[in-house]
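Colleague: First the structure, then my questions, so here it is.
The values are calculated or read from the model by the stated rules, or taken from the named source; none is laboratory data. Keep in mind that this is a model prediction, so the values were computed, not measured. We place every Cβ from the backbone using ideal geometry, glycine too, and count neighbours over all the protein chains shown. Accessible surface is based on the protein model in full, side chains and every heavy atom, while ligands, DNA and RNA are left aside. Shrake-Rupley method; radii C 1.70, N 1.55, O 1.52, S 1.80 Å.
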Amino acid sequence: MLAAQNSQDVSAIPDLDEEIRRLKRERNAVILAHYYQESEIQDLADFIGDSLQLAQAAQKTTADVILFAGVHFMAETAKILNPERIVLVPDMKAGCSLADGCPGDRFRAWKARYPEAVAVSYINCTAEVKAESDYIVTSSNAVKIVNAIPRDKQILFAPDKNLGRWVMKQTGRDMRLWQGSCIVHETFSLQKLMAIKHEHPDAKIIAHPECEEPLLERADFIGSTAALLKFVENDNAQEFIVVTEPGIIHQMQKRAPQKQLIPAPPDGNCACNECPFMRLNTPEKVYLSLRDLEPRLEMDEDLRRRALVPIERMLALS
Ligand code: 13P
Ligand code: SF4
């Protein structure tokens with residue numbers, strides 16, 4: 001037994017990764033991790049994916065406990081889809097600028113101004129906003145789902161204006177956009193990106209659709225984190241400039257070890273291309289969360305049922 005049993009101090013544990021694996025077995029738990037998690041957490045995970053793949057994995061799992069190494073809205077989605085499980089969030093402060101910038105009451109008021117419109121919301125939103133939406137989408141299925149909506153319908157798209165604008169271009173649909181953005185993807189500097197491209201003329205620029213339009217215009221390929229990963233694996237190029245959160249590079253490097261992956265730099269002299277919310281999760285917090293089965297994500301059952309409807313519509317179309 002460990003001295004640190006009831007303590008928050010885990011420094012006395014000789015092999016934290018091994019303890020986490022032991023607790024996973026003991027609790028019958030799975031760790032689901034987003035590609036933006038730090039490498040050590042990705043290596044401890046049972047499943048790593050983009051937002052859609054993680055939602056699908058959360059829906060399917062029969063484990064008693066889901067530890068969600070991602071951000072709050074992802075854990076909420078897991079609870080909505082699989083309410084019988086204990087859903088753990090290692091740090092409850094792991095929010096998202098997109099979800100935080102679209103409060104339920106303001107979203108409801110916006111929607112009420114367009115009573116005939118279809119409300120499409122990016123999965124990066126709260127359960128309250130999901131419950132008010134007709135469809136949920138992720139960056140990997142937004143184009144497909146918007147294309148499936150009858151062309152005579154007006155569409156409201158929330159909360160990411162950059163993803164929304166890109167979907168408008170791909171589908172030719174005119175959508176009314178909520179003016180939200182991701183604080184990570186809006187930090188990339190076009191000037192620095194072009195300077196890197198100048199140094200590596202053969203490198204392909206690959207970008208997430210949460211990036212701003214001038215950067216997307218320069219990209220050779222645009223897609224969700226899972227799509228970017230697949231592109232690096234399958235494309236003939238040997239160098240890639242990766243314009244998204246650099247956590248994804250860990251899996252890219254594993255799947256394509258011979259290729260050179262260059263993270264796109266942020267505008268300032270900071271690490272602001274790393275998501276401050278995703279990076280709140282640490283192996284120490286993962287351990288404590290599995291040990292104490294806290295903090296747990298709980299949800300009002302009426303809210304859960306209403307939020308489930310547009311997520312199930314998305315999954316049926318994915
Ligand atoms: P995807 O996982 O859909 O690529 O989205 C990236 C993201 O920003 C998650 O918060
Ligand atoms: Fe939200 Fe952006 Fe962080 Fe994803 S990367 S969780 S969109 S703030």
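Colleague: Straight-line reach only, C-alpha to C-alpha below 22 angstrom: list the lysines that Lys24 could link to, leaving out same-chain residues fewer than 8 apart.
Modeller: Of all the lysines, those that pass the test against Lys24 - Cα under 22 Å, at least 8 places apart if same chain - are Lys60, Lys79, Lys285.
Colleague: Test of understanding: in a Gaussian network model of the chain with alpha carbons linked when under 10 Å, which of His198, His185, His208 would top the mean-square fluctuation ranking?
Modeller: With Cα springs under 10 Å in the chain, the top fluctuation among His198, His185, His208 is at His198.
Colleague: What ³J(HN,Hα) values, in whole Hz, does the Karplus curve 6.51 cos²θ - 1.76 cosθ + 1.60 give for the range 103-110 when θ = phi - 60°, with x put for Gly and Pro?
Modeller: 3J(HN,Hα) across the range 103-110, in whole Hz: x, x, 5, 6, 5, 4, 5, 5.
Colleague: Follow-up. Note down the Stokes-Einstein diffusion coefficient of the chain in µm²/s, whole number, using a Kirkwood radius over alpha carbon pairs, 4 °C, and 1.567 mPa s.
Modeller: Diffusion coefficient, whole number: 64 µm²/s.
Colleague: If you don't mind, there's one more thing I want to ask. What is the distance in Å between the Cα centres of the range 125-203 and the range 298-318?
Modeller: What the calculation gives is 21 Å, centre to centre.
Colleague: Helix-only mean residue ellipticity at 222 nm, the chain, DSSP H runs n ≥ 4 weighted -39,500 (n - 2.57), per residue, nearest 500. What is it?
Modeller: -11500 deg cm²/dmol
Colleague: Under a point-charge model restricted to the Cβ atoms of Lys and Arg (+1) and Asp and Glu (-1), what is the dipole moment magnitude of the chain relative to its Cα centre, in debye to the nearest 20?
Modeller: Charge dipole of the chain: 960 debye, to the nearest 20.
Colleague: How would you classify the range 198-318 from its alpha-carbon gyration tensor, with a ≥ b ≥ c the square roots of the eigenvalues: rounded for a/c under 1.5, else prolate if a/b is greater than b/c, otherwise oblate?
Modeller: prolate
Colleague: With the cut-off at 23 Å, tell me which of the pairs Lys169/Lys254; Lys230/Lys254; Lys169/Lys204 have Cα atoms farther apart than that.
Modeller: As for pairs spanning more than 23 Å Cα to Cα, those are Lys169/Lys254.
Colleague: Run the Debye formula on the Cα coordinates of the range 1-99, all scatterers equal and no solvent, and tell me log10 I(q)/I(0) at q = 0.14, 0.16 1/Å.
Modeller: -0.54, -0.69
Colleague: Among Asp174, Asp220, Asp152, which one shows the highest mean-square fluctuation when the chain is modelled as a Gaussian network with alpha-carbon springs under 10 Å?
Modeller: Asp152
Colleague: Cut-off 10 angstrom, C-alpha nodes, Gaussian network model of the chain. Which of Gln154, Gln179, Gln258 fluctuates the most?
Modeller: Fluctuation is largest for Gln258.
Colleague: Let me ask another. Tell me which of Ile145, Met175, Ala203 sits at the most positive position along the dipole axis of the range 128-262, charges placed on C-beta atoms (Lys, Arg +1; Asp, Glu -1).
Modeller: Ile145
Colleague: Once ligands and nucleic acids are excluded and a 1.4 Å probe is used, how much of Phe277 is accessible, expressed in Å² to the nearest 10?
Modeller: Here the residue's solvent-accessible area equals roughly 40 Å².
Colleague: Keeping every protein chain present and rolling a 1.4 Å probe, give me the accessible area per residue for the range 99-251 in Å².
Modeller: Per residue, the range 99-251 has 41 Å² of solvent-accessible surface.
Colleague: How large is the Kirkwood hydrodynamic radius of the range 214-267, in angstrom, based on all distinct alpha carbon pairs?
Modeller: Here the Kirkwood hydrodynamic radius works out to 11.4 Å.
Colleague: Still on this structure, I have one more. Expressed as a whole percentage, what fraction of the accessible surface of the range 85-233 belongs to carbon and sulfur atoms when a 1.4 Å probe is rolled over the protein heavy atoms?
Modeller: 47
Colleague: Follow-up. Report P(r) for the range 68-201: all Cα-Cα distances, bin width 10 Å, range 0 to the bin holding the largest distance, values in whole percent.
Modeller: 12, 37, 31, 16, 4, 0
Colleague: Now for a separate question. If you check each cysteine of the chain for another cysteine whose beta-carbon is under 4.7 Å away, which ones come up empty?
Modeller: Cys96, Cys102, Cys125, Cys182, Cys211, Cys275, each lacking another Cys Cβ under 4.7 Å.
Colleague: Run the numbers on the range 212-260 and let me know its relative contact order in percent, using alpha-carbon pairs under 8 Å that are six or more apart.
Modeller: This gives 35 percent for the range 212-260.
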